[in-house]
1. Name the pairs whose Cβ atoms lie under 7 Å apart, with the first residue in the range 176-203 and assigned by TED's automatic domain parsing to the domain that holds GLY242 and without any contact (Cβ under 8 Å) to a residue 40 or more places away in the chain, the second hydrophobic (A, V, I, L, M, F, W, C) and assigned to a strand (DSSP E or B), and 6 or more positions between them or separate chains?
2. Please go through the range 34-48 and pick out each residue that is surrounded by fewer than 17 Cβ atoms within 10 Å (Cβ to Cβ) and farther than 10 Å from ALA8 by Cα.
3. Inside the range 331-351, can you point out the residues that are in contact (Cβ under 8 Å) with a residue 60 or more places away in the chain and more than 15 Å from LEU213 (Cβ to Cβ)?
4. Considering each residue of the range 238-253, count those that are surrounded by fewer than 19 Cβ atoms within 10 Å (Cβ to Cβ) and not in a strand (DSSP E or B), and give that number.
5. Can you tell me how many residues in the range 274-312 are of a type in the set (Gly, Ala, Ser) and touching a Pro at 6+ places or on another chain (Cβ under 8 Å)?
6. For the range 254-371, please list each of the helices (runs of 4 or more DSSP H) lying entirely inside it that holds at least 2 residues being in the same structural domain as LEU211 (by TED's automatic domain parsing) and among the aliphatic types (A, V, I, L, M).
7. Look at the range 151-168 and say how many of its residues are exposed (fewer than 11 other Cβ atoms within 10 Å of the Cβ) and either in contact with a Leu (Cβ under 6 Å, 6 or more places away or on another chain) or outside the structural domain of VAL113 (by TED's automatic domain parsing) (or both).
8. Going through ARG13, ARG102 one at a time, which residue ends up being of a type outside the set (A, V, I, L, M, F, W, C), touching a Gly at 6+ places or on another chain (Cβ under 9 Å) and either buried (at least 19 other Cβ atoms within 10 Å of the Cβ) or closer than 22 Å to GLY194 by Cβ (or both)?
Amino acid sequence: MKVLVLGAGQLARMMALAGAPLNIEVIAYDVGSKSVVHPLTQQSYDHTLASAIEDVDVITAEFEHIPHDVLDVCEASGKFLPTTDAIKAGGDRRLEKALLDRAGVANAKYRLVGSRQDLDEAIRHVGLPMVLKSALGGYDGKGQWRLKTQDQANAVWEEMAAFLAETEGQAIVAEEFVPFNREVSLIGARDKKGNVSVYPITENVHVDGVLNLSTAVEGNQSVQQQASEMFSAIADALGYVGVLAIEFFDIDGKLLVNEIAPRVHNSGHWTQQGADTCQFENHLRAVCGLPLGNTNLLRPTAMINILGEDSVDNAVLKQTGAHVHWYGKERRAGRKMGHINVCAENTEQLTLSLKTIAAYLDESAFPALPR
């Protein structure tokens, strides 16, 4: 089979690597350059988007922020999965919140803000402190504000008003500040028949709004059950096909949905070494009509994001259970350049391995690692 991925970044790259053993050929559409490329070499093909759509069996996406005219063309082909509605919801917090309400899953109180009057209403309804997030575009800590006290409202509104003026159709979602114990995520897959298979809960550590460390271990079954039920509710509401990621706040064992990602996800990279079937392969299996692969945890595994670094000490590769994955990118401060998956026989050994590896890595570049 042949699959066209909208987006030509590292997620398309890893889908191509996962698809090769299944004889699934993956090509990618670079939304920025409007060219069809090889996901690994970035070599351009002699294809327009229209001819690529004709040439493939399935179309999918590696990120949410895809121009709607591109999505509409792909949807018209009848080949696009999961659904264009899912991709649009993942890229617009207004649609996302409406989806969560429709699916009946717990999420933070919120109000939409497009004016100063809206902000005052949000303060009354949501309460202070609150977090304000751009409806379109914001990710990795960008397009976000904190409002802690009423006397900060004027200054925060001035910043947001300037931001709103920059983008047509933009809005702000005001959410209650949730005093969570930890951030967790669930990666799962749903096939064309509605069958669902989910991976174990992953505990995530963010620094300045950017994921630094994800750890998958056998955890609280009550939390796992909550997450699995919410996954099914959201996936069923969307008629979803493929891999879907859901990020949660864990508040004393009760989960609230923070956001969804209708695609393979950074916090699921650990599945490459920690599960029998990785998220990238399961996404391809789902959209190509193949049976879903096993999602059980084989062994405790952690994923370390490599941000803004284009090399690591070779001593890392000497550590048992360590696997380095590079994305072939040019170095840039804060950019996701690759990741390191670390596996161990038990949680104690995993912690020890992370500490050993941390000794070879710059603490300022890898601040979430235990030391």
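1. ILE201/VAL184; ILE201/LEU186; GLU203/VAL184
2. If the condition is that a residue be surrounded by fewer than 17 Cβ atoms within 10 Å (Cβ to Cβ) and farther than 10 Å from ALA8 by Cα, then LYS34, THR41, GLN43, SER44, TYR45, ASP46, THR48 are the ones that fit.
3. Listed by number, the list holds a single entry, GLY334.
4. Of the residues in that region, 3 qualify.
5. Qualifying residue count for the region: 1.
6. Per the criteria, 279-287, 315-318, 347-358.
7. Residues flagged as exposed (fewer than 11 other Cβ atoms within 10 Å of the Cβ) and either in contact with a Leu (Cβ under 6 Å, 6 or more places away or on another chain) or outside the structural domain of VAL113 (by TED's automatic domain parsing) (or both) within the range 151-168 amount to 0.
8. ARG13
The values are calculated or read from the model by the stated rules, or taken from the named source; none is laboratory data. Note that the coordinates shown come from a computational prediction; the quantities given were computed from them, not determined experimentally. A quick note on method: Cβ atoms are made from the backbone with ideal geometry, for glycine too, and the neighbour counts reach across all protein chains shown.
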